[in-house]
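Undergrad: Quick one: structure below, then a few questions.
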Amino acid sequence: MARSKPTDSPAPSGNAGRGPAAGRGRSSGAAAGATAVSKIKAGKSAKVGKDGQPKVGRLKKVGNQVRLIKQAYTLTQKNDPRLPWLMLIAFVVVAGLIELLAILFGAPFLFIPIAVVLGLMAAMIVFGRRAQGSAYRQVEGQPGAAAWVLEGMRGDWRVSAGVAGTAQLDSVHRVLGRPGVVLVAEGSPARVRGLLAQEKKRIARVVGDTPIYDIVVGEEEGQVPLRKLSTHVMKLPRNLSAGEVNTLGRRLAALGGPRPPVPGGPLPGGRQMSVSQRQVRRR
């Protein structure tokens, strides 16, 4: 196809009317090609996950986990000075038993790697339990401690903290999951009983025949201790399917509700709980 000629003004004559030199055209084209190739490679290297965020490499994930464990160990050791010795005892006992069995079977050197791995696993189990206990001791009795525990549960649990409360920082938290609706109250038992009854009546108009469980956090008879709260909730029977949970979640979101003056999480000693302690407690 023939190109159409411009009609507004003639092309300038002389050097001004000439195109770029051959060498320059080649070099600029090569540079543009190299830039395009580099962009394509960069696009290929930057992988995106299902959530739309760039994927993190495995080595970086391991490094982040190591940093979190180190931070959790440092914080736990401050509140639990016996932690290093207990971890060492667990490692020596388990590794020693494995090595003793290896000696009895006549292969002491063959079982050394297994003894070391199992010993490290035993030490990490002790560390996790001591860190969990230390975290619970710090938040126990603080406003919002039950909400902190509920938000750290593994699985599809939809926690709405502080759906009802009083000026004395008594509060009721709502948890939606496969068992149904779970109302968890913390504070003075004399005051939270009334809050639970009101919230249960308000939710019953929306959820219909869905089971509604009520729990009071405390150490008295009929109450659930804070350290056993997550285990107690996760052991409730499964009454709903995943689709029913989603439908019920939309109903409860439309219901809304007032939010009392309850802090978003416990403040042990005037400080917010660290992310690392939550990570260790979930394991």
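The values are calculated or read from the model by the stated rules, or taken from the named source; none is laboratory data. Remember, predicted model here, so these are calculated numbers, not experimental data. Don't worry about glycine lacking a Cβ; one is built from the backbone with ideal geometry, like all the others, and counts go over all protein chains shown.
Undergrad: Return the total of residues in the range 53-92 being part of a helix (DSSP H, G or I), more than 20 Å from GLY133 (Cβ to Cβ) and either modelled with pLDDT of 90 or more or polar (S, T, N, Q) (or both).
TA: Selection size over the range 53-92: 3.
Undergrad: Quick one: in the range 199-210, which of the residues that are free of Cβ contacts under 8 Å to residues at least 12 places away in the same chain and not small (Gly, Ala, Ser) is surrounded by the most Cβ atoms within 10 Å (Cβ to Cβ)?
TA: Applying the filter and picking the extreme gives LYS201.
Undergrad: Restricting the search to the range 211-229, which residues are in contact (Cβ under 8 Å) with a residue 24 or more places away in the chain and more than 28 Å from the chain's Cα centre (by Cα)? Quick ask: steps written out before the conclusion?
TA: Within the range 211-229, the first condition is being in contact (Cβ under 8 Å) with a residue 24 or more places away in the chain, and the residues that meet it are 211-218, 220, 223, 226-227, 229.
Once the filter is applied, which keeps residues that are in contact (Cβ under 8 Å) with a residue 24 or more places away in the chain and more than 28 Å from the chain's Cα centre (by Cα), the range 211-229 yields only GLU220.
Undergrad: Quick check on ALA72: is it surrounded by 19 or more Cβ atoms within 10 Å (Cβ to Cβ) and in contact with a Phe, Trp or Tyr (Cβ under 6 Å, 6 or more places away or on another chain)? Even if it seems obvious, please write down each step before you answer.
TA: Numbers: surrounded by 19 or more Cβ atoms within 10 Å (Cβ to Cβ): yes; in contact with a Phe, Trp or Tyr (Cβ under 6 Å, 6 or more places away or on another chain): no.
No; evaluated as a whole, the condition is false for this residue.
Undergrad: So, one more: Are there any pairs, at least 6 apart or on different chains, whose C-beta atoms fall under 6 Å, with the first in the range 102-126 and in contact (Cβ under 8 Å) with a residue 12 or more places away in the chain and the second aromatic (Phe, Trp, Tyr), and if so, which?
TA: ALA102/PHE111; GLY119/PHE91; ALA123/PHE91
Undergrad: Can you tell me which of (1) assigned to a helix (DSSP H, G or I); (2) farther than 23 Å from ARG137 by Cα is the one PRO108 doesn't meet?
TA: It fails just one condition, (1).
Undergrad: Looking only at the range 140-155, filter to residues that are on the phi > 0 side of the Ramachandran plot and in contact (Cβ under 8 Å) with a residue 60 or more places away in the chain; which one of those is surrounded by the most Cβ atoms within 10 Å (Cβ to Cβ)?
TA: The selected residue is GLY144.
Undergrad: Only one of ARG137, ARG82, ARG58, ARG130 is in contact with a helix residue (DSSP H, G or I) (Cβ under 6 Å, 6 or more places away or on another chain), free of Cβ contacts under 8 Å to residues at least 60 places away in the same chain and among the basic types (Lys, Arg); which?
TA: Of the residues listed, the single one that is in contact with a helix residue (DSSP H, G or I) (Cβ under 6 Å, 6 or more places away or on another chain), free of Cβ contacts under 8 Å to residues at least 60 places away in the same chain and among the basic types (Lys, Arg) is ARG130.
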